[in-house]
1. Separation between the VAL50 and HIS114 pseudo-spin-labels, each 7 Å from Cα along Cα→Cβ, expressed in nm?
2. Relative contact order for the range 39-155: what is it in percent, counting Cα pairs under 8 Å that are at least 6 residues apart?
3. How would TYR73, TYR148 line up from fewest to most surrounding beta-carbon atoms within 10 angstrom?
4. Provide LEU67, LEU48 in ascending order of the number of other Cβ atoms located within 10 Å of each residue's Cβ, fewest first.
5. Ranked highest first by average number of other Cβ atoms within 10 Å, how do 33-39, 94-100, 58-64 line up?
6. Rounded to the nearest 20 Debye, what is the dipole magnitude of the range 22-149 about its Cα centre when Lys and Arg each give +1 and Asp and Glu each give -1 at the C-beta?
7. Please work out the Cα center distance from the range 104-155 to the range 73-90, rounded to the nearest Å.
Amino acid sequence: MKSRPTDTRSDSVPGVPVDVGIRDGLERFRFVAWGEIEGTTPSLNDILGVHFAELRRKKRDWRLRVLLAFDRYEVPRAEPGEVRGLRIVSRRRQLVDRDNLVGGVKFLVDGMKHAGFIFDDSPAVLRLSVTQEQVRTRREERTVVGLYFGTEARE
């Protein structure tokens, strides 16, 4: 049975990246759901120069990963113009620079859009926070995604 999205702050849910020590603009948003995805998002360097057929496969793979990660929630589809927030924490053994980190979450964000959890990935309707944490082992590597509903007025 799927659970309804929660109205509680995500700091009450163990393992959810709530206070990552930065002010990312999501403090004004209401936490809805979170999901863990095995493995890390590719870096931008991993994406550049890859054959288009491989990119298509990776995109499909991340769409499925997003659906599986949020399958336990009944998250309402985003309405046109609805502002939502994503907080993505990449837990990886080897940290990457900021450009590679942010560029590498493209497939994940596209998967959230395809699933209807966000309306669009434009800055007008999506508040995106991407951070990384270093872990010791490959078994600890994962991508944690928090989904937030906006309380801001539509633009």
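Values quoted throughout were computed directly from the atomic coordinates according to the rules given, and no laboratory measurement underlies them. Since this is a predicted model, take the numbers as computed values, not measurements. We place every Cβ from the backbone using ideal geometry, glycine too, and count neighbours over all the protein chains shown.
1. 1.2 nm
2. Rounded, it is 42 percent for the range 39-155.
3. The fewest-first ordering by Cβ neighbours comes to TYR73, TYR148.
4. Ranking LEU67, LEU48 by Cβ neighbours within 10 Å, fewest first, gives LEU48, LEU67.
5. 33-39, 58-64, 94-100
6. The dipole magnitude comes to about 240 debye.
7. Each part reduced to its Cα centre gives a spacing of 8 Å.
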